[in-house]
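What follows is a set of notes on a single structure, which appears directly below.
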Amino acid sequence: MTTRRQPNITFIGGGNMAAALINGLVNRFTVAANIRVIDVNPQTLQQLSQRFGVTVDCSVAEAVADCDILILAVKPQQIAPVLQDIAAQLKHQLVISIAAGIRTAELSAGLQGYAAIVRAMPNMPALIGRGMTGMFAMPGVSAEQRLHADTVMGAVGKTLWLQAEQSLDAVTGVSGSGPAFVFHFIEALENAALEVGLNAAESKLLALETVAGAAQLALQSDDGVTLLRERVTSKGGTTFAGLNSLQQDDFCAVIGRAVKAATNRSRELGDTC
């Protein structure tokens with residue numbers, strides 16, 4: 001029986017998301033020796049080398065030409081010169097871009113028509129392995145490459161494949177911006193706890209654990225969140241009073257407008273990139 005070769009992976013950009021992916025991939029999808037990182041910051045490279053044992057002392061041309069999977073993990077404003085530098089080295093590699101707002105058509109054009117490209121939109125909880133990543137593959141991505149892309153992004157959480165690239169704007173509005181909406185809700189819950197007489201430590205603990213516990217219950221339950229909400233709510237009780245207040249303030253519409261605003265902004269940024 002032959003042993004399947006582990007893929008060589010090159011990261012261009014060594015920031016927080018790249019570090020999270022490397023942490024999830026090492027010794028699960030491939031060994032550290034098969035991972036190379038290119039970054040303009042020597043301190044970043046030193047930290048990644050010491051933490052994970054990945055290779056960092058290599059040229060861009062060599063790192064790209066020898067890899068099976070190339071992950072573009074740079075800021076959107078840095079993407080154009082990177083594409084220019086690597087275009088000539090691409091022959092068979094799967095390219096995964098996590099650069100926000102840069103559409104596959106722009107990536108392909110910058111890579112001289114290269115089409116084996118997957119665009120991925122992970123969110124902040126990926127930093128602790130609980131991310132949600134929306135993904136879109138160009139037609140030039142093979143079935144095996146699609147599986148590799150799913151494995152790579154699955155190293156930091158769940159993945160969702162989309163049929164239309166424009167749906168990534170909605171993913172940005174929901175799961176990309178959503179963590180900030182949840183953090184803001186926690187802030188509001190914590191502040192409200194202070195207002196009703198709890199101290200700072202008590203307020204923080206209650207707010208954090210309430211949101212974390214409710215989310216975990218929703219994940220593990222076979223029942224939908226509507227039914228779970230109804231089970232907590234006794235007519236005329238405390239929760240009933242609180243929910244009535246939220247409804248009077250149009251809580252669902254407020255969240256809806258926030259998601260739509262984030263989605264629309266994502267479209268605008270994509271149009272201007």
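Charges at C-beta only: +1 for Lys and Arg, -1 for Asp and Glu. How large is the resulting dipole of region 74-184 about its Cα centre, in Debye rounded to 20?
Roughly 160 debye, rounded to the nearest 20.
Starting from the Cα-Cα distance between residue 33 and residue 85, subtract it from 0.36 nm times their residue separation and give me the gain in nm to one decimal.
Value of the extension gain: 16.4 nm.
For the chain, please report how many Lys pairs fall under 27 Å Cα to Cα, leaving out neighbours fewer than 8 apart on the same chain.
Eligible lysine pairs with Cα atoms under 27 Å apart amount to 4.
Between residue 226 and residue 199, what length in nm is gained on full extension when 0.36 nm per residue of separation is reduced by their alpha carbon distance?
Working: separation 27, 0.36 × 27 = 9.72 nm, distance 3.16 nm.
So the extension gain works out to 6.6 nm.
Tell me the label only: which of [x] 1.14; [y] 1.05; [z] 0.94 is Rg/Rh (Cα atoms, Kirkwood Rh) as calculated from this structure?
From the options [x] 1.14; [y] 1.05; [z] 0.94, the structure gives [y].
Between residue 215 and residue 164, what FRET efficiency comes out of the Förster formula 1/(1 + (r/R0)^6) with R0 = 25 Å and r the beta carbon distance, rounded to 0.05?
0.35
In terms of the Cα gyration tensor, with a ≥ b ≥ c the square roots of its eigenvalues, is region 178-272 rounded because a/c is under 1.5, prolate because a/b exceeds b/c, or oblate?
Prolate is the answer for region 178-272, as a/c is 1.5 or above and a/b outweighs b/c.
Mind giving me the FRET efficiency for residue 243 and residue 183? R0 is 35 Å, r the Cβ-Cβ distance, nearest 0.05 is fine.
With R0 = 35 Å, the Cβ-Cβ based efficiency is 0.95.
Around residue 166, which amide H atoms from residues at least 5 apart in sequence, or from another chain, sit under 5 Å from its own amide H, with H modelled in the peptide plane?
Residues meeting the criterion, in which the H sits 1.01 Å from N, do not exist here.
Just want the ordering: 245, 175, from fewest to most Cβ atoms lying within 10 Å of their own Cβ.
Details: 245 10, 175 21.
Ordered from fewest to most neighbouring Cβ atoms within 10 Å, 245, 175 come out as 245, 175.
Got a sec? How would 67, 58 order by Cβ neighbour count within 10 Å, fewest to most?
Ordered from fewest to most neighbouring Cβ atoms within 10 Å, 67, 58 come out as 58, 67.
Take each of the peptides 79-86, 219-226, 93-100, average the number of other beta-carbon atoms within 10 Å over its residues, and list them starting from the highest.
Values: 79-86: 17.6, 219-226: 9.1, 93-100: 24.2.
With the highest mean Cβ count within 10 Å placed first, the list reads 93-100, 79-86, 219-226.
Hey, rough spin-label estimate for residue 233 and residue 43, points 7 angstrom out along Cα→Cβ, what's it come to in nanometres?
Computed distance between label sites residue 233 and residue 43 equals 5.0 nm.
Quick check: pseudo-label points 7 Å beyond the Cα along Cα→Cβ at residue 257 and residue 272, how many nm apart are they?
2.2
For the chain, give me the percentage of DSSP beta bridges that are antiparallel, rounded to the nearest 5 percent.
Approximately 15 percent, going by the DSSP bridge assignments.
What percent does the relative contact order of the chain come to when contacts are Cα pairs within less than 8 Å and at least six residues apart?
14
Which distance in nm do the two modelled labels at residue 77 and residue 58 give, with both placed 7 Å along the Cα-to-Cβ direction?
Calculated label separation equals 3.0 nm.
Taken together, the values in this text are just the output of simple stated rules run on the coordinates, not laboratory data. If you're wondering where the values come from, they're calculated on a predicted model, not measured in any experiment. Glycine gets a Cβ as well: all are built from the backbone with ideal geometry, and neighbour counts include every protein chain shown.
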